[in-house]
Every structure is written in C-alpha cells, then in structure tokens.
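Inspection log for the structure reproduced underneath, given as structure tokens.
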Amino acid sequence: MNELYIVGTGPGSPEYLTEQAKRAISEARIVVGWEFNFQPVRSITSGKRVFLQDAKNYLQVAEEAAVEARKTGFPVAVLRVGDPCISSGLAGLQEIFHDFEIKIIPGISSVQMGAALAQINIDDSVIISFHETGVEEKRNFMVDAYRRNRHLILLTGPEQVPGQTASYLIEHGVNPIAEAIVCESISLPEEKISRGTLADIAGQQFSWLSLMVVKAKRSNI
C-alpha cells in the first residue's frame, strides 16, 4: 500500500521543525504543499518531485500527486504549516488519498505559540479558524465562547482580519478594554507581536494571515 505522511512543518522557522517531521520528509519521494509550507524544509526537499499548491489549485494538485504516487509507488509527504490537525483541510486529504496508508506527523502550531505568548492554557480556550467558509457562524460561536469565559485563539482570514474581529466583539458586548494580542509572521525574522486592548486592535491594520488571542475575564463582559 502507498504511504502518505501528512507532516506539520511548524510555524515557519526551521528551529521548530521536529526530528520526526524531518525523517518523514526525507523518506518521501513526492512532496506536496503551499509555498509557505516549504519555507522551513527547503534543505530536505531538494531532488524530490514537488507539487506546489495555491489557492486556486490546491485540491487538483493533491489529486495529481496521488495519481503519480499510485503509478510509481513512491511515498508522499503533504506539508502543512503548523500542525496538520489545525486548519489544514485534513478531511479533504484523507478523501483524496483514501487508499493510502496515512500517517499524521504532529507539528508545533502558531496556536501553541500564541497561547504561550498570552500565557494562557489551551484547554481554557476555544480555537477558531477563519481560513475557510462559514464565517458568520464562526463569528457567532466566537462571541458565545467568550461569553462562557473562554479565551479565544483565532486564525484570522481574508474575510475576518484582526481589526474586524476586535470591532465585531466590541459591537456584540465584549468590553473594549479586554486584552488582545495579534501575532504576525510568528517565529520568523519579521515576526511582529502587537499587544493592547480590543479597542487598540480595532484601529490598526494587520496581515489577514495572523493569529489573534483575546484573553477572557469575567469583568470584560
């Protein structure tokens, strides 16, 4: 049976790439991923058959890689920034590679790094990704979770940038002085960490590809 490794490559810096991830990528002959996924692993993907994904073709490219792997018998590594079980389209990959032996290699996620910077427990938090569809439903869930005194760890997206998120929470009753953190390019040389209140964040511009943490306090509702 063909082998598929779904590999977490960490938040971006090679310093956070695990040894297990390195081994899985080294064993693969076919490698699939978005441009950003390759950033921490370029030194170990040289000479491999690379299938590069983007926003328009990511499913098609994964299917093409699966077809080639079936023909050649080569093991495949699908690279996913952070951890492959967080906002990675895992179900779609499992469907495309349904006849492969699938092994998931966990990675260090920006979610963990954001929680560490905010000094909060992940099990006291709710993680919400705005990278995919269902934005309005997720907005409602976000407000409800915060009202239940949960920290918010948010993977922002094109339709829900950090400033919008801060404004939305304030408009729906969250205290403007609630503490918030926005992490851009986390772990990379250009990393930028912005700390302030929701009111502060609402008035600023950030990359849509950010991680935002809103710390819960009962007095903030």
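Summary of computed values
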read-out: Which of Leu211, Leu4 has the fewest Cβ neighbours within 10 Å, and the rest in rising order; value: Leu211, Leu4
read-out: Dipole magnitude of the chain, debye to nearest 20 (Cβ charges: Lys/Arg +1, Asp/Glu -1, about Cα centre); value: 300
read-out: The stretch 92-183: trypsin sites (Lys or Arg not before Pro) falling in loop per DSSP and having at most 10 other Cβ within 10 Å; value: Arg148
read-out: Span from the the stretch 147-221 Cα centroid across to the the stretch 79-113 one, whole angstrom; value: 25
read-out: Estimated D of the stretch 144-221 in µm² per second, where Rh is the Kirkwood radius over Cα pairs and Stokes-Einstein applies at 20 °C, 1.002 mPa s; value: 174
read-out: Along principal axes, Cα extents of the stretch 6-126, largest first, whole Å; value: 48, 29, 27
read-out: Burial ranking of peptide ranges 39-47, 5-13 (average Cβ count within 10 Å, highest at the top); value: 5-13, 39-47
read-out: Between the stretch 115-137 and the stretch 2-24, the Cα center-to-center distance that results, in Å; value: 22
read-out: Over 32 Å [Cα-Cα, the chain], rounded percent; value: 25
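Each value in this text was obtained by applying a stated rule to the coordinates, not by laboratory testing. None of these values were measured; they are calculated from a predicted model. Cβ sites come from the backbone with ideal geometry, for glycine too, and all protein chains shown count toward neighbours.
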